[in-house]
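For reference, the structure is listed below as structure tokens.
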Amino acid sequence: MTGAALAAAPAAAAPSALRQAMLLGTLTFVTMLYAMTVTIANVSLPQMQGSLSSTPDQIAWIVTFNIVATAVVTPIAGWLAGWLGRRRLMVWGIMGFGAASVACGLATSVPELVVYRIAQGAFGAPLVPLCQAIVIEAFPEEKRQKMMSIWGTGVILGPIIAPALGGALSEAYGWRWVFFMLVPFTAVALVGVLAMIPAGDAKSRPKLDWTGFGALAVAITALQLALDRGERAGWLESWEILIYIGLCLSALWVFGVRNAISRTPFLNPALLRDRNFVVGTALIFIFGMLNFTPITLLPTLLQTVSGFPDSIIGQILSARGAGTLIGFAAMFVISGLDPRVPMMIGLGLQAWSGWLMAGFSVDVSIGQVLWASALQGLGVGLMWIPLSVVTFATLPKSMVPDGTAIFHLLRNMGSSIFISITVALVIRQTAVNRSELSAAVTPYREAFSQPGVQGSLELDDLASLGRIAGEIGRQATMIGYIDAFLFFALCAVLAAPLVLIVRTRRS
């Protein structure tokens, strides 16, 4: 793998305290910039869906393919840094990210917006691992954990700032401004990198197994297309889906064979001999599944079913970020505990949050949604740090860079795959429940003939029939989301036994 190139540059002379602080601030801001884009589109998904005349599964592509692009490009960040140099790669990444953000705001169709979101994810993908590598290199070991904690606030602040600000702008000026608002942040990040990141770092010219990388990229993309198109196309009854599945399996076969025979494989097989790393990557895949799914489902649910405005939806998504921030802060207090304890608590909070969301009705209150979102964010905050620690606790230091690339790859894959699955579940269950509810509304049903049930509605009046059909659709959609949230909670519960087989240094 190419992650080793991120750690290959020699350490420079120790800079002054002021310059170190400015460097840390720049790296934190760049990380926050990328973290903003992960959640910024979610707040305006319902508005985009109406403006671009798209279906719920089509509008979800705006989220999933951005994550897929990040997943594909992240593992080659080290290779890119070795060829271009860190500073140049960061400059090009930020400029490309800014240009893609403007293009997203100017898009006139869903396919066009998806393409620009892919570009946004691809250009932004190297920024976080590069910032992390520079923080590790720039500070002595005794200060590293504290500096990493400060840098990590960028990951938290992005999902807090972006939905609140984006929701207000979207409500006032339209969904396009959630992308245009990134431009000034991008300009500040670019100036900071040009001023603080040294130029001329050594280029290690690392080798990359292009066959392995290409096969993995094709497999991930084909799998994502199958999941995104499956419900609309008819799953295995559709030749389109069968072709995607065939491409995915063929690419995985090529990847496996290439990885076994290559002298410089894309995935180091030695990583799979470390139990903690294998269990940790399974858990980070599940963590990715649970991480972004609620904030993708909630905006569409709250606006289309309950009529929440964008500004309120932005505040609700920010509450999740605030919960994550509290979880990170709590880890400073309970850092001496066995890391498996906060991981179990985090999964428990995720399951509880899913259970609470499964109890929503069409008349759900803002307080209920804020509380469930904050709990989910708190679970994320409690899980992230100990999961990162235990995954690499027993891994040799020489394998950590490659392990980190796999770690982030699987986290992003978990997010994109589970979002697609839950959106498909919502669509299917909505259709099933609409059919069942429609069959129950008939003049031959005794309950419907009661004045307290029927109210002012008349089955022989077209206006009344329209209102009945609308309410049936609303209730059916709500039940579809409830089923998705129950599935979310179940996955969090089923992941708990994996935590129990993790080893710590003491065990």
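Details
- Of all residues in the range 420-437 being of a type in the set (Val, Ile, Thr) and touching a Leu at 6+ places or on another chain (Cβ under 9 Å), the one that is nearest to Thr221 (Cα to Cα): Ile421
Listed here are the residues, each with its yes/no results for (1) touching an Asp or Glu at 6+ places or on another chain (Cβ under 7 Å); (2) under 26 Å from Ala222 (Cβ atoms); (3) among the aliphatic types (A, V, I, L, M).
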residue	(1), (2), (3)
Arg258	yes, yes, no
Ser262	yes, yes, no
Leu301	no, no, yes
Val305	no, no, yes
Phe308	no, no, no
Ile316	no, no, yes
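- Residue that is farthest from Leu23 (Cα to Cα), among those in the range 110-122 that are buried (at least 24 other Cβ atoms within 10 Å of the Cβ) and not polar (S, T, N, Q): Leu113
- Members of the range 297-354 found to be in contact (Cβ under 8 Å) with a residue 60 or more places away in the chain and closer than 24 Å to Asn276 by Cα, listed by number: Phe328, Phe332, Asp338, Pro339, Arg340, Met343, Met344, Leu347, Gly348, Gln350, Ala351
- Search result, residues across the range 488-498 that are surrounded by fewer than 19 Cβ atoms within 10 Å (Cβ to Cβ) and closer than 14 Å to Phe418 by Cβ: Leu490, Leu494
- Single condition Leu249 does not satisfy, out of (1) under 26 Å from the mean Cα position of the chain (by Cα); (2) surrounded by 14 or more Cβ atoms within 10 Å (Cβ to Cβ): (2)
- Residue in the range 224-238 that is out of contact with any helix residue (DSSP H, G or I) (no Cβ under 9 Å at 6 or more places or on another chain), assigned to a helix (DSSP H, G or I) and not assigned by TED's automatic domain parsing to the domain that holds Leu106 present: yes
- Here Pro159, Pro126, Pro140 are screened, and the one residue that is buried (at least 20 other Cβ atoms within 10 Å of the Cβ) and either at pLDDT below 85 or more than 21 Å from the chain's Cα centre (by Cα) (or both) is Pro159.
- Residues in the range 105-144 that are touching a Ser or Thr at 6+ places or on another chain (Cβ under 6 Å) and of a type in the set (A, V, I, L, M): 3 in all.
- Qualifying position, being touching a Pro at 6+ places or on another chain (Cβ under 7 Å), modelled with pLDDT of 85 or more and part of a helix (DSSP H, G or I), among Leu387, Leu382, Leu437: Leu382
- Tally of residues being closer than 16 Å to Gln132 by Cβ and either at pLDDT below 90 or among the hydrophobic types (A, V, I, L, M, F, W, C) (or both) across the range 83-93: 3
- Residues located in the range 44-86, provided they are without any contact (Cβ under 8 Å) to a residue 60 or more places away in the chain and closer than 14 Å to Ile419 by Cα: Gln58, Ile62, Asn66
- Residue list for the range 36-47, restricted to those being in a helix (DSSP H, G or I) and buried (at least 24 other Cβ atoms within 10 Å of the Cβ): Met36, Thr37, Thr39, Ile40, Asn42, Val43, Ser44, Leu45
- With respect to (1) at pLDDT 90 or above; (2) surrounded by fewer than 20 Cβ atoms within 10 Å (Cβ to Cβ); (3) more than 20 Å from the chain's Cα centre (by Cα), the lone exception for Ser53 is condition (1).
The values are calculated or read from the model by the stated rules, or taken from the named source; none is laboratory data. Here the structure is a predicted model, which is why all the values come from computation and not from measurement. Using ideal geometry, Cβ is built from the backbone for each residue, glycine included, and neighbour counts are taken over all protein chains shown.
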